[in-house]
Amino acid sequence: MQEYTVVINGKPEGPYALQELQRLNIKPGTFIRKPGMDDYKEAHEFEELRELLGFSFQQTAPQYFASFDQRLMASVIDYFLLLICYVAIVLIAYIFVDQKMFRIGTALFLLILVPVAKIIYASIAEASVKQATIGKRMMDIKVTDLNGSRLTLGNSIGRNLGKLISNATLGIGYLFCFLNKKQQCLHDIMAETLVTKQRLI
C-alpha cells in the first residue's frame with residue numbers, strides 16, 4: 001500500500017494511506033511525497049490524487065517560477081547576441097557609406113533600433129513553440145500564461161511592450177517580482193503571464 005507524507009502548516013506529517021488523505025484538507029497546491037521520491041510535489045501532480053480528490057492538473061507549479069537573476073541573465077544574453085548583429089550590420093553599412101558624419105549617424109540610428117529589435121524578437125520567440133528567446137532557452141526558462149500554456153502572439157507583444165512601463169518606472173516594475181509568490185514583474189502582471197523554469201534547482 002502506498003504511503004504519503006503531507007506538508008501541513010509547514011511541517012511534514014504522516015505517512016498516510018491513500019484513502020486517509022480524503023479526511024485531510026488537501027488542496028491542489030499541497031506538497032506531498034511518496035517513498036522513493038527525491039522531492040515533494042504538489043497534490044495535483046499525482047494522478048491518483050486527481051482521481052481521488054477531483055483535482056485538475058495544473059501545468060505550472062509555484063515552486064518552478066524563474067528567479068530574477070535567471071531572467072536578468074537571459075536578457076543579458078539576448079542583448080549580447082543582438083549587439084553582435086548590430087556590430088556586423090554597422091560594419092557592412094560602412095562599406096557603402098563613405099562620409100564620416102553619415103557613418104556616425106548610421107551607427108547611432110541602428111543603435112536606437114536595438115531595443116526595438118529586442119521587443120520584436122522576444123515577442124515572436126516567446127509566442128513560438130519554444131516559448132523563449134535564445135537567452136531564456138540557455139537559462140532553461142520560458143514564458144507562459146497563468147495556466148502554464150503557450151502565449152498567443154498578441155499576448156506576447158503586450159507583455160514585451162509592457163516592459164516599456166517597467167523601464168519607465170526606473171526599473172521599479174522589475175522589482176515587483178520580489179513582492180509576489182509567482183515572481184511576476186509589472187509587465188507580467190499586466191499581461192497575465194509567468195516566467196517558469198524546468199526544475200526546482
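Anything in the range 144-153 that is open to solvent by 50 Å² or more (accessible area, probe 1.4 Å) and among the small types (Gly, Ala, Ser)? List them, or say none. Answer for the range 144-153, where residues must be open to solvent by 50 Å² or more (accessible area, probe 1.4 Å) and among the small types (Gly, Ala, Ser): there is none. Read through the list (1) without any contact (Cβ under 8 Å) to a residue 40 or more places away in the chain; (2) over 19 Å from Lys181 (Cβ atoms); (3) touching a helix residue (DSSP H, G or I) at 6+ places or on another chain (Cβ under 9 Å), then give the number of the only condition that Thr30 fails. Answer for Thr30: the failing condition is (2).
Considering only the range 76-85, I want to know if a residue exists there that is surrounded by 12 or more Cβ atoms within 10 Å (Cβ to Cβ), among the hydrophobic types (A, V, I, L, M, F, W, C), closer than 30 Å to Gln2 by Cα and at pLDDT 90 or above. Scanning the range 76-85 turns up no residue that is surrounded by 12 or more Cβ atoms within 10 Å (Cβ to Cβ), among the hydrophobic types (A, V, I, L, M, F, W, C), closer than 30 Å to Gln2 by Cα and at pLDDT 90 or above.
Scanning the range 179-193 for residues that are at pLDDT 90 or above and either more than 19 Å from Asn155 (Cβ to Cβ) or of a type in the set (A, V, I, L, M) (or both) yields a total of 4. Within the option set Arg137, Arg150, Arg103, being under 30 Å from Glu45 (Cβ atoms) and in a helix (DSSP H, G or I) holds for one residue only, Arg137.
Being of a type in the set (Phe, Trp, Tyr) and touching a helix residue (DSSP H, G or I) at 6+ places or on another chain (Cβ under 6 Å) is the filter; apply it to the range 156-190 and report the residue that is surrounded by the fewest Cβ atoms within 10 Å (Cβ to Cβ). Of everything passing the filter in the range 156-190, Phe176 is surrounded by the fewest Cβ atoms within 10 Å (Cβ to Cβ). Among the residues making up the range 107-143, those that are among the polar types (S, T, N, Q) and buried (at least 18 other Cβ atoms within 10 Å of the Cβ) are Ser123, Gln131, Thr133.
Does the range 82-100 hold any residues that are charged (D, E, K, R) and part of a helix (DSSP H, G or I), and which are they? Result: Lys100, single match. Would you say Thr196 is within 18 Å of Phe68 (Cα to Cα), surrounded by fewer than 19 Cβ atoms within 10 Å (Cβ to Cβ) and of a type in the set (Ser, Thr, Tyr)? The answer is no for Thr196. Quick check, is Ser156 closer than 27 Å to Ser56 by Cα, assigned to a helix (DSSP H, G or I) and either small (Gly, Ala, Ser) or modelled with pLDDT of 85 or more (or both)? Answer is yes for this residue. Of all residues in the range 1-55, those satisfying the criterion of being within 26 Å of Asn147 (Cα to Cα) and exposed (fewer than 13 other Cβ atoms within 10 Å of the Cβ) are Asn9, Gly10, Gln22, Asn25, Lys27, Met37, Asp38, Asp39, Glu47, Glu48, Glu51, Gly54.
The values are calculated or read from the model by the stated rules, or taken from the named source; none is laboratory data. These numbers come from a predicted model, not from an experiment. Glycine also receives a Cβ, built like all others from the backbone with ideal geometry; neighbour counts cover every protein chain displayed. What goes into the accessible areas is simple: the full protein's heavy atoms, side chains included, and nothing from ligands, DNA or RNA. Shrake-Rupley method; radii C 1.70, N 1.55, O 1.52, S 1.80 Å.
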